[in-house]
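Colleague: I'd like to ask some things about the structure below.
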There are 2 protein chains.
Amino acid sequence: MIGRALQLLGAFDAEHRELTLSELARRADMPLSTAHRLMHELCEWGAVERGGDGLYRIGLRLWELGSLAPRGPGLRETALPFLEDLSLITRENVQLAVREGTEVVFVERIAGSGAVPVLTRVGGRFALTATGVGLVLLAHAPVEVQEEVLGGSIDRYTERTVTDPAQLRRMLAAVRSNGFSISDRQVTMDALSVGAPIHDRRGQVVAAVSLVVRHGSTTPHALARLVRTSAQAISRALSA
Amino acid sequence: MIGRALQLLGAFDAEHRELTLSELARRADMPLSTAHRLMHELCEWGAVERGGDGLYRIGLRLWELGSLAPRGPGLRETALPFLEDLSLITRENVQLAVREGTEVVFVERIAGSGAVPVLTRVGGRFALTATGVGLVLLAHAPVEVQEEVLGGSIDRYTERTVTDPAQLRRMLAAVRSNGFSISDRQVTMDALSVGAPIHDRRGQVVAAVSLVVRHGSTTPHALARLVRTSAQAISRALSA
DNA sequence: GCGCGGTTTCCGGAAAATGGAAGCTCTTAG
DNA sequence: CTAAGAGCTTCCATTTTCCGGAAACCGCGC
């Protein structure tokens, strides 16, 4: 079964980039012998590799495949220079993210020099309802997705996290009409983020950029202009 | 069987980031119904995704996994700022690569503004024997790998490509003692590249940086100093 | 020598993959 | 308006392959 192999691969995450066979078997919840055989096959193909120390790691082949993901490089690479500009100008955290299902996935992140520490990581995931990028992506997601998110349970991170579906709907409408989102202390009590949508050639929203700053350090609207400008520049570059 | 699924994934490459079911079946050489079922499973897990147009693409989940590859982010992310410096200073092409088996895999690439067009691509592969990065990586590879490469057939790209094993051995020895490599018109007749090794904490060579410039535009040794400095800085950053 | 944690190999029963064929859908042609 | 065709999806009997318990194996420290 192919699912088991994927289950094994799923045992790897940011905190566990190297795993022993037994750890893998434990984390993927399957007998050692099974894990062994599957890992062996994956190894042969180059999906994972084994160091001299016996630890398994994700292989280059998989990295290579991953870098073919449509949102991966095409987006990431064209956006990178603009993100850097934004980072240079503001000296704040810059984030680039896409939506997958009902979650945000962070595709690139540039840490500003004197900036708030941000808890997200490249490749990491987060709820759509709290962050600046998340709100943008949710606002432009298909209705089914919006309903699923707003209908389900909404995680609370701080006392200011908006968890009321009706209020969220109003925020999303505002995001659509303003062209940017503001997440004010909704993730941590010291951070505020401003996000803006990136469109593809057909006008579809495919990603979002955001700036994350310390709460109270600047007025959101000044940032919004910057972020929107940058997002538009990226959109234009993507269509070229 | 797990091999078949990997075979299907292998059907994707830089020129074929989006494939229809029938193309996949054809490229992976298997019946349509089998391909269909496997792709369906892979889709469910998020390894691949299907656009509204019915085309399959590599999914975000796989990108995420790939970005956990040990050489992927750890190396890439710490190296990136240095590569950018190098690119800003020289305005030339900067490349970062690792070795896999008997090939070079390009991990990052920054195109210089007025630079020679380079044929390599992030995620792309190349022979170890011709490029600047390749020579560095080969020079510091385990003996078995060197023998395999030097014993096998050596691809020729231009009239100046070195294909004589004895001469290559001498070049590799020079790379080891000099601490940098020069590939002069060995890949294309207008390009010259200078590479230097990146070490990990234990002194193992884990990657290589190179500058690719137009042949005749600068003296290689001036570049060599820059590239070595940068490589050492990256090595130091990696150990920190 | 012995026990211990982790790894590798084996093999018969069980379960899941296989792929031919038929049905579906959409587009193009007559 | 019907027909042909290309590509996609579903079905299901066959058979191949995977599964995983058990046992051997391998350092390593006591």
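Colleague: List, please: which pairs have Cβ atoms under 6 Å, are six or more places apart or on different chains, and start with a residue in the range A:156-184 that is within 20 Å of A:GLN232 (Cα to Cα) and end with one that is of a type in the set (Lys, Arg) and surrounded by 15 or more Cβ atoms within 10 Å (Cβ to Cβ)?
Modeller: The qualifying pairs are A:GLY179/A:ARG228; A:PHE180/A:ARG228.
Colleague: Of the numbered conditions (1) under 16 Å from A:LEU68 (Cα atoms); (2) more than 9 Å from chain A (Cβ to nearest Cβ); (3) touching a Pro at 6+ places or on another chain (Cβ under 9 Å), B:TYR56 fails exactly one; give the number of that condition.
Modeller: (3)
Colleague: Could you check, for the range A:66-81, whether at least one of its residues is open to solvent by less than 20 Å² (accessible area, probe 1.4 Å) and over 18 Å from the mean Cα position of the chain (by Cα)?
Modeller: So far as the range A:66-81 goes, no, none of its residues is open to solvent by less than 20 Å² (accessible area, probe 1.4 Å) and over 18 Å from the mean Cα position of the chain (by Cα).
Colleague: Select, from A:ALA35, A:ALA5, A:ALA47, the only residue that is of a type in the set (Gly, Ala, Ser), in contact with a helix residue (DSSP H, G or I) (Cβ under 8 Å, 6 or more places away or on another chain) and more than 8 Å from every other protein chain (Cβ to nearest Cβ).
Modeller: Working: A:ALA5 fails: more than 8 Å from every other protein chain (Cβ to nearest Cβ); A:ALA47 fails: more than 8 Å from every other protein chain (Cβ to nearest Cβ).
None of the other options fit; the residue is A:ALA35.
Colleague: Going by the structure shown, is A:ILE182 within 11 Å of A:THR131 (Cα to Cα) and outside any loop (DSSP other than H, G, I, E, B)? Write out each step before concluding.
Modeller: On the way: within 11 Å of A:THR131 (Cα to Cα): yes; outside any loop (DSSP other than H, G, I, E, B): yes.
When the stated conditions are applied, A:ILE182 passes them.
Colleague: Any idea which of (1) within 15 Å of DNA strand C (Cβ to nearest atom); (2) charged (D, E, K, R); (3) open to solvent by 70 Å² or more (accessible area, probe 1.4 Å); (4) not in a loop (DSSP other than H, G, I, E, B) is the one B:GLU41 doesn't satisfy?
Modeller: Among (1) within 15 Å of DNA strand C (Cβ to nearest atom); (2) charged (D, E, K, R); (3) open to solvent by 70 Å² or more (accessible area, probe 1.4 Å); (4) not in a loop (DSSP other than H, G, I, E, B), B:GLU41 violates only (3).
Colleague: So, one more: Can you find even one residue in the range B:150-163 that is within 14 Å of chain A (Cβ to nearest Cβ) and among the acidic types (Asp, Glu)? Let's see the steps before the verdict.
Modeller: Applying the first criterion (within 14 Å of chain A (Cβ to nearest Cβ)) to the range B:150-163 yields none.
Checking the range B:150-163: not a single residue is within 14 Å of chain A (Cβ to nearest Cβ) and among the acidic types (Asp, Glu).
Colleague: Go through the range A:156-178 and give me each residue that's of a type outside the set (A, V, I, L, M) and either in contact with a Phe, Trp or Tyr (Cβ under 9 Å, 6 or more places away or on another chain) or closer than 16 Å to A:GLN204 by Cα (or both).
Modeller: Quick first cut of the range A:156-178, residues of a type outside the set (A, V, I, L, M) only: A:156-161, A:163-165, A:167, A:169-170, A:176-178.
A:ARG176, A:SER177, listed by residue number.
Colleague: Could you figure out which of (1) under 30 Å from B:SER181 (Cα atoms); (2) open to solvent by 10 Å² or more (accessible area, probe 1.4 Å); (3) out of contact with any Pro (no Cβ under 8 Å at 6 or more places or on another chain) isn't true of B:VAL104?
Modeller: All conditions are met except number (2).
Colleague: Can you give me the number of residues within the range B:1-38 that are of a type in the set (Phe, Trp, Tyr) and near DNA strand C (Cβ under 10 Å from one of its atoms)? Give the derivation first.
Modeller: We begin by selecting, within the range B:1-38, every residue of a type in the set (Phe, Trp, Tyr); these are B:12.
If we keep only those that are near DNA strand C (Cβ under 10 Å from one of its atoms) too, we end up with none.
Adding up the residues that qualify gives 0.
Colleague: Given A:ARG125, A:ARG99, A:ARG61, which one is at the interface with chain B (Cβ under 9 Å from one of its Cβ atoms), open to solvent by 20 Å² or more (accessible area, probe 1.4 Å), within 18 Å of the chain's Cα centre (by Cα) and away from DNA strand D (no atom under 16 Å from the Cβ)? Working first, answer last.
Modeller: Numbers: A:ARG99 fails: at the interface with chain B (Cβ under 9 Å from one of its Cβ atoms); A:ARG61 fails: within 18 Å of the chain's Cα centre (by Cα).
Just one listed residue meets the conditions, A:ARG125.
Colleague: Could you check the range A:186-229 and list, in sequence order, the residues that are of a type outside the set (D, E, K, R), modelled with pLDDT of 90 or more and open to solvent by 70 Å² or more (accessible area, probe 1.4 Å)?
Modeller: A:MET189, A:THR229
Colleague: Scan the range A:149-156 and tell me whether some residue there is open to solvent by less than 10 Å² (accessible area, probe 1.4 Å), under 24 Å from A:ASP190 (Cβ atoms) and of a type outside the set (Val, Ile, Thr).
Modeller: no
Colleague: Across the range B:8-26, what is the total count of residues that are assigned to a helix (DSSP H, G or I), within 15 Å of DNA strand D (Cβ to nearest atom) and within 14 Å of chain A (Cβ to nearest Cβ)? Give the derivation first.
Modeller: To start, the set of residues in the range B:8-26 that are assigned to a helix (DSSP H, G or I) comprises B:8-10, B:21-26.
Retained after the next criterion (residues that are within 15 Å of DNA strand D (Cβ to nearest atom)): B:8, B:21-26.
Filter once more, so that each one left must be within 14 Å of chain A (Cβ to nearest Cβ): B:8, B:24.
Of the residues in that region, 2 qualify.
Colleague: Scanning the range B:44-58 for residues that are of a type in the set (Asp, Glu) and not in a helix (DSSP H, G or I), which turns out farthest from DNA strand C (Cβ to nearest atom)?
Modeller: Going through the range B:44-58, the residues of a type in the set (Asp, Glu) turn out to be B:44, B:49, B:53.
Next, only the ones that are not in a helix (DSSP H, G or I) stay: B:49, B:53.
Values: B:GLU49: 20, B:ASP53: 10 Å.
For the range B:44-58, the residue satisfying everything is B:GLU49.
Colleague: For the range A:14-33, what are the residues that are of a type outside the set (Gly, Ala, Ser) and exposed (fewer than 14 other Cβ atoms within 10 Å of the Cβ)?
Modeller: Within the range A:14-33, the subset of a type outside the set (Gly, Ala, Ser) is A:15-21, A:23-24, A:26-27, A:29-32.
Result: A:GLU15, A:HIS16, A:THR20, A:ASP29, A:PRO31, A:LEU32.
Colleague: Return only the number of the condition from (1) touching a residue at least 60 places away in the same chain (Cβ under 8 Å); (2) of a type outside the set (Asp, Glu); (3) part of a helix (DSSP H, G or I) that A:LEU65 does not satisfy.
Modeller: (1)
The values are calculated or read from the model by the stated rules, or taken from the named source; none is laboratory data. Note that the coordinates shown come from a computational prediction; the quantities given were computed from them, not determined experimentally. Cβ atoms come from the backbone with ideal geometry, glycine included; neighbour counts cover every protein chain shown. In case anyone asks, the SASA skips ligands and DNA or RNA and just uses the protein heavy atoms, side chains included. Shrake-Rupley method; radii C 1.70, N 1.55, O 1.52, S 1.80 Å.
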